[in-house]
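J.: Here it is, the structure in full.
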Amino acid sequence: MGRILIIGGGAIGLSVAYHLSKREAGEIILLERNTLTSGTTWHAAGIVGPLRATPNMTRLASYALSLFPTLEDETGIHTGYRQTGGYWLARVPERMDELRRIADLGRTQGLNPRIIDPAGLDVRLMSGAGIVGAMHVPEDAHVDPVGLSMAYARACRNAGVDIRENTPVAGIECEGSRVRGVGLADGSRIGADHVILCAGAWSRELAAGAGLDLPLQAVEHMYVVTTPVAGVTPEFPVLRDLDRGIYVKGDAGRLIIGGFEKDAKCWDAYGPEGDRAFLELGEDWAQFTPFMEAALELIPALEAAGIHHFMNGPESFTADTRPLVGAAPTVDGLFVAAGMNSVGVMSSAGIGRALAGWVLDGQPDQDMWEVDIARADPREARPAHLAQRMSEAVADQFALHWPYKQPGAGRDLRRSVLHERWAAAGAVFGVTAGWERGLWYADQPGAHALPYSTGDQHWYPIAEREAARMRGGAVMLDLSPFSKFRISGTGSRAALDRLTTASLDVADGRVVYTQMLNPQGGIEADVTVTRLSRDEFLVTSGAATRQRDLAHLRRNLPDGVGLTDMTDDFAVIGLMGAGSRELVRRVWPEFPEIAFGHSAVTRLGGHRCRVTRLSFVGEYGWEIMVTNKSAGAVFDAMGTAGARPMGHYALDGCRLEKAYRHWGHDIGPMMTPIEAGLAFTVDWQKEFIGKAALQKQRADGCRQRLILFAIEGPALMLHDEPIYHDGRHVGFTTSGGRGPRTGLTLAFGLVETEGEALSAELERRYEICVAGQFHDARPLRQAPYDPQGDRMRL
């Protein structure tokens, strides 16, 4: 394995070192600029909350419940771990919908959450005034952050890990796209095969020096410790008053009161005080007073208590309030675990184990896309953007997570060249993978600002009207955010053929839908490949996976094969609907006749375009790729001829009606094409990465399958709703919504199987639990809308 360097001696870095040592990874060196825990770990509140919003994050967090107690037994160092239970409080009815969904999930993960109505809520010292309900999680706990870290450190030293304190790193050294070690502040260097950056608030600049953009920002984060409060015992539960943005926990007879700040104040980790160990910033009662007032309302006994200590310390938060973990997409051998959004101590167990496996095995042992640093747009790391995001990103930790909620701060990171035209057409913009895209198009007064809802979405009727236009007319879709990569040079076909399940030995102009796999057969990328010429191909993938897909191609294409990211150079307009053929013939008589699954270059009104017969909505139409310079003229011509805009929400509903999978939701690296129902893309006559794993699975049978369900009764389907068969939990939904043309409530779900044929799963009866309510779910044998694809081939 060679030498592994870890930068950062907080809970995360020490946990990574601990888990690497458990795997006997070889030479491991941990470098800490000051003393262990002196950055942000030492002042953490130490809450351990295993229940998170998704199954993957809950699995990561729940590992702490088994590791923290055994770590104390292993090392003899007291970690202060104690399970006290906790209450998640709601003050508005919509919050209860969120809590019921989380409780549904938790029960499938070995946890025991319980929904409580106000009458049944009896917590010592706590006032129930204004509370409409709660969720009790008996597994909630707390731990001493420093004690835990010292236990990690002792176990590491016992295993031979070289921990070097007072050893600041000046920079990460690279050679080409490969990490080679680090340079120290004293001018010396240490070579390494792998570098793992766990420097918390100090990670962004170190990463930038290696060409990696990390969207994390340090802010002032606060809590207070009271004087002793009568009635606070060691068993005092963790309280989260979510709608007030505060938490309360016991601490040796005192109470710790903290919150997640609106308009959080950015702090410069490389400013005058950035090198100070165990740094405390000044008291800020103007910022903290609303939290204190909320705590007094929740626990009236606080009126008799004093303030023992005001803790204001730096903490790093990310642009989307999710951690940044994983392999750097731009630098091989560089890994990151940073931006923990104030839950680093709790997350250290799961993150440490997952990242250690990622380093040693080349990939994680569970789906990590939610926290993968490859999801981040490099522009998100710009200081001005991060400063804007911190006005709401910190508070988002406790804010109500409305379905389809959109960020308010830090917008306009990426705009299509056609943005102003979409806006003039009535676009209500949202953010998808950093891009501003029209979610729907306001077609009547008041439709620009529709309220959020935990039930039927107010934009449903608009999406239905937009989709209905395709039956006889034509709509335009904003597809510019699609990732677009040009592969060229001698040997490009053979190189791509090694990566893709489908054969690319096709005629020029042919478009091939295919997957790229890992050696275990999991789907690393879901793409279309267009053969442009003998040695030139266009690879198109989703907007959210741009950095990830680019890294996958870079790592796997041989020297001599060119790779160019053309995403920002071209606009793509989808022209879809039964009336689109008549429209283009009327506007551009020269428009070429091409078959479905083919692509051609033509001139439309004198503008060079590539037109491709594909459809993500299941209607006749084209994807028209045009240079940014010419995009406006092409757009205007179609709009003048009668094409109307259709939003992203309608598009996604149509996608579900056609049973089209979405990478990152429905499919991913832990699922094979056979399990996903995509075996039709596999050419078994050629060799490709992952083929051996697929052959074995084809012989042995599947242990999981992706199925499209139609759900009975009113239910808002999102993702991660538990699926049951005969009362037994068998899986989760992966994505869901309402079909705008069929009116059906639909959801993809990944369910456990016994290796039987697919027909066996389709004959079963299923139920899906949505916010505490069970709904019958009928497996569909085929797409509910135009299953034979006739409308795409009119």
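J.: Mind listing just one residue for me: the one in segment 159-168 that is assigned to a strand (DSSP E or B) and open to solvent by 30 Å² or more (accessible area, probe 1.4 Å) and, of those, nearest to A210 (Cα to Cα)?
T.: Restricting to residues being assigned to a strand (DSSP E or B) and open to solvent by 30 Å² or more (accessible area, probe 1.4 Å), the top hit is R164.
J.: Let me ask something else about it. Going through segment 172-183 one residue at a time, which ones are open to solvent by 20 Å² or more (accessible area, probe 1.4 Å) and assigned to a strand (DSSP E or B)?
T.: E173, C174, E175, R178, R180
J.: What is the number of the single condition among (1) farther than 21 Å from L746 by Cα; (2) open to solvent by 10 Å² or more (accessible area, probe 1.4 Å); (3) not charged (D, E, K, R) that A468 does not meet?
T.: (1)
J.: Of everything in segment 139-158, what is in a loop (DSSP other than H, G, I, E, B) and open to solvent by less than 60 Å² (accessible area, probe 1.4 Å)? Give them in sequence order.
T.: Matches in segment 139-158: E139, D140, V143.
J.: Residues to consider are L212, L239; find the one that is aliphatic (A, V, I, L, M), crowded, with 22+ Cβ neighbours inside 10 Å and in a loop (DSSP other than H, G, I, E, B). Full working, then the answer.
T.: Details: L239 fails: in a loop (DSSP other than H, G, I, E, B).
Criteria check complete, one pass: L212.
J.: Can you list the strands (runs of 3 or more DSSP E) lying wholly within segment 265-351 that have 2 or more residues being farther than 30 Å from R554 by Cα?
T.: 307-318
J.: Ok, one more. Of the residues E712, E761, E754, which is of a type in the set (D, E), open to solvent by less than 40 Å² (accessible area, probe 1.4 Å) and over 26 Å from R95 (Cβ atoms)?
T.: Working: E712 fails: open to solvent by less than 40 Å² (accessible area, probe 1.4 Å); E754 fails: open to solvent by less than 40 Å² (accessible area, probe 1.4 Å).
After ruling out the rest, the residue left standing is E761.
J.: Which condition does A643 not pass, out of (1) aliphatic (A, V, I, L, M); (2) in contact with a Leu (Cβ under 9 Å, 6 or more places away or on another chain); (3) closer than 30 Å to D720 by Cβ, if it passes all the others?
T.: (3)
J.: Would you confirm whether or not segment 544-551 contains a residue that is closer than 26 Å to G639 by Cβ and surrounded by 20 or more Cβ atoms within 10 Å (Cβ to Cβ)? Spell out how you get there, then give the answer.
T.: Going through segment 544-551, the residues closer than 26 Å to G639 by Cβ turn out to be none.
The answer is no, given that none of the residues of segment 544-551 is closer than 26 Å to G639 by Cβ and surrounded by 20 or more Cβ atoms within 10 Å (Cβ to Cβ).
J.: Just wondering, is there one or more residues in segment 216-228 that are of a type in the set (S, T, N, Q), open to solvent by less than 10 Å² (accessible area, probe 1.4 Å) and touching a residue at least 40 places away in the same chain (Cβ under 8 Å)?
T.: yes
J.: Right, here's the next one. State yes or no: is L360 closer than 30 Å to K22 by Cα, outside any strand (DSSP E or B) and touching a Lys or Arg at 6+ places or on another chain (Cβ under 7 Å)?
T.: Numbers: closer than 30 Å to K22 by Cα: yes; outside any strand (DSSP E or B): yes; touching a Lys or Arg at 6+ places or on another chain (Cβ under 7 Å): yes.
So L360 fits the description; yes.
J.: Moving on to the next point. From the residues in segment 45-92 that are crowded, with 21+ Cβ neighbours inside 10 Å and in a loop (DSSP other than H, G, I, E, B), which one is nearest to the chain's Cα centre (by Cα)?
T.: Step by step, filter segment 45-92, then rank; the result is R52.
J.: May I pose another question? Which residues, counting only those in segment 370-387, are within 22 Å of D720 (Cα to Cα) and outside any helix (DSSP H, G or I)?
T.: Across segment 370-387, the qualifying residues are E370, V371, D372.
J.: Also, I was wondering about something else. So the check is Cβ under 6 Å with 6+ separation or different chains; which pairs have a first residue in segment 100-124 that's under 28 Å from L302 (Cα atoms) and a second one that's surrounded by fewer than 19 Cβ atoms within 10 Å (Cβ to Cβ)?
T.: Filtered contacts from segment 100-124: P118/G128; L121/G128; R124/G231.
J.: Just checking, how many residues over segment 342-357 are touching a Phe, Trp or Tyr at 6+ places or on another chain (Cβ under 8 Å) and open to solvent by 20 Å² or more (accessible area, probe 1.4 Å)?
T.: Adding up the residues that qualify gives 2.
J.: Sticking with this structure for a sec: Take the residues in segment 701-753 that are in contact with a Phe, Trp or Tyr (Cβ under 8 Å, 6 or more places away or on another chain) and of a type in the set (V, I, T), then tell me which one is nearest to W440 (Cα to Cα).
T.: If we take residues in segment 701-753 being in contact with a Phe, Trp or Tyr (Cβ under 8 Å, 6 or more places away or on another chain) and of a type in the set (V, I, T), then T742 is nearest to W440 (Cα to Cα).
J.: Let me ask something else. Which condition breaks for W402 when tested against (1) crowded, with 17+ Cβ neighbours inside 10 Å; (2) not in a helix (DSSP H, G or I)?
T.: Here W402 meets the rest and fails (1).
J.: Something else now. Looking at G426, is it under 29 Å from I47 (Cβ atoms) and buried (at least 16 other Cβ atoms within 10 Å of the Cβ)? Full working, then the answer.
T.: Details: under 29 Å from I47 (Cβ atoms): no; buried (at least 16 other Cβ atoms within 10 Å of the Cβ): yes.
Here the answer is no, as G426 does not meet what is asked.
J.: Check whether at least one residue in segment 631-650 is out of contact with any strand residue (DSSP E or B) (no Cβ under 6 Å at 6 or more places or on another chain), among the acidic types (D, E) and more than 12 Å from D478 (Cα to Cα), and report yes or no.
T.: Checked against the condition, which is being out of contact with any strand residue (DSSP E or B) (no Cβ under 6 Å at 6 or more places or on another chain), among the acidic types (D, E) and more than 12 Å from D478 (Cα to Cα), segment 631-650 yields at least one hit.
J.: Is it true that some residue in segment 457-480 is in contact with a strand residue (DSSP E or B) (Cβ under 6 Å, 6 or more places away or on another chain), over 30 Å from R698 (Cα atoms) and among the polar types (S, T, N, Q)?
T.: yes
J.: Being under 20 Å from G200 (Cα atoms), touching a helix residue (DSSP H, G or I) at 6+ places or on another chain (Cβ under 9 Å) and among the charged types (D, E, K, R) narrows it down to one of D412, D367, D372, so name that one.
T.: Working: D412 fails: under 20 Å from G200 (Cα atoms); D367 fails: under 20 Å from G200 (Cα atoms).
Within the list D412, D367, D372, the selection yields D372.
J.: Sticking with this structure for a sec: Hey, K686 hits all of (1) over 14 Å from I707 (Cβ atoms); (2) touching a Lys or Arg at 6+ places or on another chain (Cβ under 8 Å); (3) open to solvent by 10 Å² or more (accessible area, probe 1.4 Å); (4) not β-branched (V, I, T) but one; which does it fall short on?
T.: (2)
J.: Restrict the check to segment 491-504 and report whether at least one residue is of a type outside the set (S, T, Y), surrounded by fewer than 16 Cβ atoms within 10 Å (Cβ to Cβ), at pLDDT 95 or above and farther than 23 Å from G542 by Cα.
T.: Yes, segment 491-504 has at least one match.
J.: Another one. Of the numbered conditions (1) in a strand (DSSP E or B); (2) among the aromatic types (F, W, Y); (3) within 21 Å of the chain's Cα centre (by Cα), W440 satisfies every one except a single condition; which is it?
T.: Condition not satisfied by W440: (3).
J.: So which of G160, G86, G128 is at positive phi and not aromatic (F, W, Y)?
T.: Going through G160, G86, G128 in turn, the sole match is G160.
J.: So, R661, is that one open to solvent by 30 Å² or more (accessible area, probe 1.4 Å) and over 17 Å from G579 (Cβ atoms) or not?
T.: yes
Per-residue answers, yes or no, for (1) charged (D, E, K, R); (2) open to solvent by less than 40 Å² (accessible area, probe 1.4 Å); (3) touching a Cys at 6+ places or on another chain (Cβ under 6 Å):
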residue	(1), (2), (3)
A319	no, yes, no
R322	yes, no, no
P329	no, yes, no
M340	no, yes, no
V359	no, yes, no
Q363	no, no, no
A376	no, yes, no
R389	yes, yes, no
R421	yes, no, no
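J.: Would you point out the residue of segment 24-44, among those that are within 30 Å of the chain's Cα centre (by Cα) and open to solvent by 20 Å² or more (accessible area, probe 1.4 Å), that is farthest from V143 (Cα to Cα)?
T.: Only one residue tops the list, namely T40.
J.: Something else about it: What tally of residues in segment 242-262 results from selecting those that are among the basic types (K, R), part of a loop (DSSP other than H, G, I, E, B) and over 27 Å from the mean Cα position of the chain (by Cα)? Give the steps one after another, and end with the answer.
T.: So in segment 242-262, the residues among the basic types (K, R) come out as 244, 249, 254, 262.
Next cut, part of a loop (DSSP other than H, G, I, E, B) only: 262.
Filter once more, keeping what is over 27 Å from the mean Cα position of the chain (by Cα): none.
So the count comes out to 0.
J.: I'm trying to understand the selection: among the residues of segment 1-35, which are modelled with pLDDT of 95 or more, in contact with a strand residue (DSSP E or B) (Cβ under 9 Å, 6 or more places away or on another chain) and part of a loop (DSSP other than H, G, I, E, B)?
T.: R3, G8, G9, A25, E27, E32, R33
The values are calculated or read from the model by the stated rules, or taken from the named source; none is laboratory data. All values derive from a computational prediction rather than experimental measurement. Ideal geometry is used to build each Cβ from the backbone, glycine not excepted, and the neighbour counts take in all protein chains shown. Calculation scope for accessible area: heavy atoms of the full protein, side chains included, ligands and nucleic acids excluded. Shrake-Rupley method; radii C 1.70, N 1.55, O 1.52, S 1.80 Å.
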